[in-house]
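All of the numbers you see were taken from the coordinates with simple rules; none came from a lab. It should be emphasised that the depicted structure is a prediction, and the values quoted were computed from it without experimental measurement. A quick note on method: Cβ atoms are made from the backbone with ideal geometry, for glycine too, and the neighbour counts reach across all protein chains shown.
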Amino acid sequence: MARSGYAWDTTFLGHRTLTVHPEHPVRAEVLAPERMLVDVPGLVRVAVDAALGLPGVHRVHDPVYIDEVADACRRGRRSLDGGDTLIASDSFDVALRSAAAALSVVSAVMGGKLDNGFAAVRPPGHHALVNRGRGFCIFNNAAICARFAQTAFGAGRVLIVDWDVHPADGTMSIFYDDPSVHVLSVHQDGILGKGVGAEDQRGCAAGEGTTYNVPLPAGTDAVSHLTRFGEALEVAAARCRPDLVLVSCGFDAHVGDPIGGLRLDDDHFRILTQMVRRVALRYCGGRVVSMLEGGYQPDILRRCVRMHLEALLD
Ligand SMILES: [Zn+2]
């Protein structure tokens, strides 16, 4: 049995935007540790080290953008980009805490206290660019964790696996020319517009061949989905030979999700997790840190997180 950690923070109940918005505090409420640690015995609660947040965010994001976010929240603005990335007065603090929670799990895993762990965070991160928030994302948690593992723990190469229904477009853009962080995104074709996350987007310059996109047509059956995921994961891991595997862990590829059009069921998230763990055991002593991205039906979210945690522990 692995030593698995779980990070969550009461601040994730904040960042209250609109009650009708899909990225809602109920997502954090259903993942409260009181419930999750009982449902998944053996899981260890990871204390969130808030001091990791701001320096972590600065390793990835433009300082001008970071100030803009803080300022927008202070001034009571309601959205970051004029579009779907809504904010409230506490959103800067909640986004920092979201990064800090994921970083706390990375710290425990890279420091050898845990084998793997999951950070149940919101807001999500994988669409955020160096200098812009978008798609409900303010700071790019996966990118922040990769840079932290490299600078604080000397990780040479990091593999980011993103199985959210949406492409990891923000994460990919951050590491597009960087051969030290490989990004695999398996997602619904065209969900963010034609060409976003297309198969021929493979990185550039020194990072050529270190970005892997697997766009799946809406309605793809689960068996094909898992097969394509497994094949791409093997290729990416063999090329990357990671010192740490990060998972941008969205659950909106579930058949019951109100946003996505893919067809995974609860148990398939167990299988995805097992595949990632096998690869991590082969290359990096089983070190896996996953963090919540999408997943917008609260009951389904809770059930699938439980599947993911059971597979991390197993
Ligand atoms: Zn998503």
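A few notes on this one:
- Tabulated pairs, region 145-166, first among the charged types (D, E, K, R), second part of a helix (DSSP H, G or I), C-beta under 8 angstrom, 6+ apart or interchain: 147/56; 157/240; 162/142; 162/171
- Complete set of residues in region 156-184 that are within 11 Å of the ligand (Cβ to nearest atom) and closer than 21 Å to residue 237 by Cβ: 162, 163, 164, 167, 168
- Count of region 108-121 residues, restricted to those that are crowded, with 24+ Cβ neighbours inside 10 Å and either free of Cβ contacts under 8 Å to residues at least 60 places away in the same chain or of a type outside the set (A, V, I, L, M) (or both), is 3.
- Scanning region 241-263 for residues that are within 15 Å of residue 307 (Cβ to Cβ), touching a Gly at 6+ places or on another chain (Cβ under 9 Å) and of a type in the set (Gly, Ala, Ser), we see that the one that is surrounded by the fewest Cβ atoms within 10 Å (Cβ to Cβ) is 250.
Okay, residues lined up against (1) under 16 Å from the mean Cα position of the chain (by Cα); (2) in contact (Cβ under 8 Å) with a residue 40 or more places away in the chain:
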site: 240; (1), (2): no, yes
site: 276; (1), (2): yes, yes
site: 281; (1), (2): no, no
site: 290; (1), (2): yes, yes
site: 300; (1), (2): no, yes
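- The lone criterion from (1) touching a Gly at 6+ places or on another chain (Cβ under 7 Å); (2) outside any loop (DSSP other than H, G, I, E, B); (3) in contact (Cβ under 8 Å) with a residue 60 or more places away in the chain left unmet by residue 215 is number (3).
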